[in-house]
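Right, one structure below, let's go through it.
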Amino acid sequence: MDMKTRILFVCLGNICRSPAADGIMHRIVEEKGVAGNFEIDSAGTYGGHRGELPDSRMRSAASRRGYALTHRSRQVREEDFERFDMIVAMDDMNYESLNRLAPSREAARKIFRMAEFCRRHPDRTYVPDPYYEGHEGFELVLDMLEDGCEGILESLCQK
Ligand code: 4NP
């Protein structure tokens, strides 16, 4: 029996927010010694950056916190709803794109918003797009993603 929990993080370009969430979640499950229970990946609703490494600004901000981001951008696809148990959208636009892509109502129940799991950022309803922002944008995004990834793991442990 396969008891893995499969989590897919989704943003627009899959070069800033979702690959960072992917790298952070990988490290959290490793530190907790439960990496074998998870499959973690990320994708974008927009395919224009496919094959690219994360944005260099995100890679440097993440590396200052000890995360080496090596994911290659890919576009989310309908089959991801079969493979993954949780599909976690960074903002409302991603959430709506995922709902349009979901092949059924049951599949759409796998879609969550990252901000739901951010306990230390109770006033935020989405993870802002840092692509056109400065340094602070990336730091805020990483703070929220660390918060949200811990929140996801806690919510799964309560089940
Ligand atoms: P991400 O950031 O969705 O966090 O990867 C963006 C990356 C690329 C673009 C927008 C947002 N873009 O317009 O190309």
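Rule-based calculations on the coordinates, nothing more; no lab input. Keep in mind it's a predicted model, so treat the numbers as computed, not measured. Every residue, glycine as well, gets a Cβ built from its backbone with ideal geometry; the counts of neighbours run over all protein chains shown.
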May I ask you to say which residue of VAL88, VAL29 is hydrophobic (A, V, I, L, M, F, W, C), touching a helix residue (DSSP H, G or I) at 6+ places or on another chain (Cβ under 6 Å) and part of a strand (DSSP E or B)?
VAL88
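Conditions tested, residue by residue: (1) surrounded by fewer than 15 Cβ atoms within 10 Å (Cβ to Cβ); (2) within 21 Å of LYS159 (Cβ to Cβ); (3) within 16 Å of the ligand (Cβ to nearest atom).
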{"position": "GLY47", "(1), (2), (3)": "no, no, yes"}
{"position": "ARG64", "(1), (2), (3)": "yes, no, no"}
{"position": "PHE84", "(1), (2), (3)": "no, yes, no"}
{"position": "GLU106", "(1), (2), (3)": "yes, yes, no"}
{"position": "MET114", "(1), (2), (3)": "no, yes, yes"}
{"position": "ARG120", "(1), (2), (3)": "yes, no, no"}
Under the condition of being farther than 20 Å from TYR95 by Cα and in contact with a Phe, Trp or Tyr (Cβ under 7 Å, 6 or more places away or on another chain), which residue from segment 9-28 is farthest from the ligand (Cβ to nearest atom)?
ARG27
Which one of these is in contact with a Pro (Cβ under 6 Å, 6 or more places away or on another chain) and aliphatic (A, V, I, L, M): ILE15, ILE28?
ILE15
What residue, among those in segment 125-134 that are in contact (Cβ under 8 Å) with a residue 12 or more places away in the chain and within 15 Å of the ligand (Cβ to nearest atom), is surrounded by the most Cβ atoms within 10 Å (Cβ to Cβ)?
VAL127
Are there any pairs, at least 6 apart or on different chains, whose C-beta atoms fall under 8 Å, with the first in segment 53-72 and closer than 11 Å to CYS16 by Cβ and the second among the aromatic types (Phe, Trp, Tyr) and surrounded by 22 or more Cβ atoms within 10 Å (Cβ to Cβ), and if so, which?
ARG57/PHE138; MET58/PHE138; ALA61/PHE138
